[in-house]
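Structure record follows, encoded as structure tokens.
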Amino acid sequence: MNWLLLLGVVVLAVMPLLFIKDSEFGGADGAAEEAIKEISPNYEPWFQPFIEPPGGETESLLFAVQAALGAGVVGYAVGVYKGRTEKGKK
């Protein structure tokens, strides 16, 4: 059952990437890019993104998903170590 829930979360996170186009939401990356263009108009980036997200909100979604996964991993690790500590006390 847990795998189905995890699959559902992944599907819910990926669906907007595929179906919502031209979403706009400015973030720190966009502001930094504009500042660099003002300071040095001839600047060429070293790398290009592998996949161009359909809009700014998509970047926010990906950041939120990344933060949630990181929090899940940290929470799991803390739970495992707490469980080991509790088990060792008995």
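Over 15 Å, how big is the tail of the calculated P(r) for the chain, in percent of all Cα pairs? The answer is 75 percent, as a whole percent. Derived scalar couplings between HN and Hα for segment 60-71 equal 5, 4, 5, 5, 5, 5, 4, 5, 5, 5, x, 5 Hz in order, rounded to whole Hz, by the Karplus curve 6.51 cos²θ - 1.76 cosθ + 1.60 (θ = phi - 60°), x for Gly and Pro.
Once backbone amide H atoms are built at 1.01 Å from N, Gly55 has Ser23 as its partners under 5 Å, excluding neighbours fewer than 5 places away on the same chain. Taking the helices alone, the chain has a mean residue ellipticity at 222 nm of -24500 deg cm²/dmol, built from -39,500 (n - 2.57) per DSSP H run of at least 4 residues and averaged over all its residues.
The longest stretch of the chain left intact once loop-based chymotrypsin sites (Phe, Trp or Tyr not before Pro) with at most 11 other Cβ atoms within 10 Å are removed from consideration, loops following DSSP, is 1-42.
Evaluate the relative contact order of the chain (contact order divided by residue number), counting alpha-carbon pairs under 8 angstrom at least 6 apart; express in whole percent. List each step's numbers first, then the result.
Numbers: 30 pairs, mean separation 31.8, N = 90.
Relative contact order comes out at 35 percent.
For the chain, the solvent-accessible area with a 1.4 angstrom probe is 92 square angstrom per residue. Here's the picture: a label point sits 7 Å out from the Cα of Asp29 along the beta-carbon direction, and within segment 52-90 the residues with their amide nitrogen under 19 Å of it are 52-71. With all protein chains in place and a 1.4 Å probe, the accessible surface of the chain carries 68 percent carbon and sulfur.
The values are calculated or read from the model by the stated rules, or taken from the named source; none is laboratory data. Note that this is a predicted model, so its numbers are computed, not measured. Ideal geometry is used to build each Cβ from the backbone, glycine not excepted, and the neighbour counts take in all protein chains shown. With ligands, DNA and RNA removed, areas are computed over all heavy atoms of the protein, side chains included. Shrake-Rupley method; radii C 1.70, N 1.55, O 1.52, S 1.80 Å.
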